[in-house]
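*Asks:* Sending over a structure as structure tokens; questions will come in a sec.
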Amino acid sequence: IFATPSVRTADPRAMSGRTILATIRVVIPAGAAKPAPPVGPALGQHGLNIMSFCKEFNAKTAGFLTEVPVPVMITAFKDKSFEWKMRTPPTSYFVKKAAGVSSGGGRPGHGITAAISLKHVYHIAKLKQQDEGSHHIPLISMCKSVIGAAKSMGVEVIR
């Protein structure tokens, strides 16, 4: 019988003696973290200090545009402490901004709602490559990923 350990030993934080309780992933608009959903319930169910996170997040994202969605990964520990990391906004956000549309196509592959250039694709890929864990991915692969996201949104990539 195989049992999965409750503590991930490959994680350096777990080796420091702190046991990971949960990993919470939420997408929050920049500078708009408040104790209301989605932040409040996600942190509250693990007994974390919601206001502390909201103040730190809002201070760190004060220079961002207000509508920018910021993915956050919060690691909650058994001692009720937490660590959090921001990632770059989703690729779909950047594609929509580059194309100048508010939403993608309703039927991907059937209609084209807008177009972006390869220069836009390159810049989006460079931004996404800055994410933690993405440094080893070649830029060409990141560009192909952005092109795939654009196609699935009904945005054409032109030369």
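*Asks:* Has region 12-21 got at least one residue that is touching a His at 6+ places or on another chain (Cβ under 7 Å), over 30 Å from Val146 (Cα atoms) and either modelled with pLDDT under 95 or open to solvent by less than 30 Å² (accessible area, probe 1.4 Å) (or both)?
*Replies:* yes
*Asks:* Which one of these is open to solvent by less than 80 Å² (accessible area, probe 1.4 Å), over 28 Å from His135 (Cβ atoms) and of a type in the set (Val, Ile, Thr): Val70, Val26, Val39? Walk me through how you get there before you give the answer.
*Replies:* On the way: Val70 fails: over 28 Å from His135 (Cβ atoms); Val26 fails: over 28 Å from His135 (Cβ atoms).
Matching residue, one of Val70, Val26, Val39: Val39.
*Asks:* Next up: Can you find even one residue in region 92-101 that is open to solvent by less than 70 Å² (accessible area, probe 1.4 Å) and under 30 Å from Arg18 (Cβ atoms)?
*Replies:* no
This table checks each residue for (1) over 16 Å from Val27 (Cα atoms); (2) open to solvent by 80 Å² or more (accessible area, probe 1.4 Å); (3) of a type in the set (Asp, Glu).
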{"site": "Lys60", "(1), (2), (3)": "no, yes, no"}
{"site": "Leu65", "(1), (2), (3)": "no, yes, no"}
{"site": "Ser103", "(1), (2), (3)": "yes, no, no"}
{"site": "Val121", "(1), (2), (3)": "yes, no, no"}
{"site": "Ala125", "(1), (2), (3)": "yes, no, no"}
{"site": "His135", "(1), (2), (3)": "yes, yes, no"}
{"site": "Leu139", "(1), (2), (3)": "yes, no, no"}
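*Asks:* Say we look at region 124-159 and pick out the residues that are of a type in the set (D, E, K, R) and assigned to a helix (DSSP H, G or I); which of these is nearest to Val70 (Cα to Cα)? Please lay out each step first, then the result.
*Replies:* Restricting attention to region 124-159, the residues satisfying the condition of being of a type in the set (D, E, K, R) are 126, 128, 131-132, 144, 151, 156, 159.
Among the residues that remain, those that are also assigned to a helix (DSSP H, G or I) are: 126, 128, 144, 151.
Numbers: Lys126: 17, Lys128: 13, Lys144: 22, Lys151: 23 Å.
Looking at the filtered set, the residue picked out is Lys128.
*Asks:* Moving on. Based on what the data block shows, is Met86 modelled with pLDDT of 90 or more, open to solvent by 40 Å² or more (accessible area, probe 1.4 Å) and touching a helix residue (DSSP H, G or I) at 6+ places or on another chain (Cβ under 8 Å)? Give the steps one after another, and end with the answer.
*Replies:* On the way: modelled with pLDDT of 90 or more: yes; open to solvent by 40 Å² or more (accessible area, probe 1.4 Å): yes; touching a helix residue (DSSP H, G or I) at 6+ places or on another chain (Cβ under 8 Å): yes.
Criteria met by Met86.
*Asks:* Mind counting the residues in region 50-92 that are touching a residue at least 40 places away in the same chain (Cβ under 8 Å) and not aromatic (Phe, Trp, Tyr)?
*Replies:* Matching residues across region 50-92 total 18.
The values are calculated or read from the model by the stated rules, or taken from the named source; none is laboratory data. None of these values were measured; they are calculated from a predicted model. Here the Cβ is made from the backbone with ideal geometry for all residues, glycine too, and neighbour counts use every protein chain on show. Areas reflect the complete protein model, heavy atoms only, side chains present, ligands, DNA and RNA absent. Shrake-Rupley method; radii C 1.70, N 1.55, O 1.52, S 1.80 Å.
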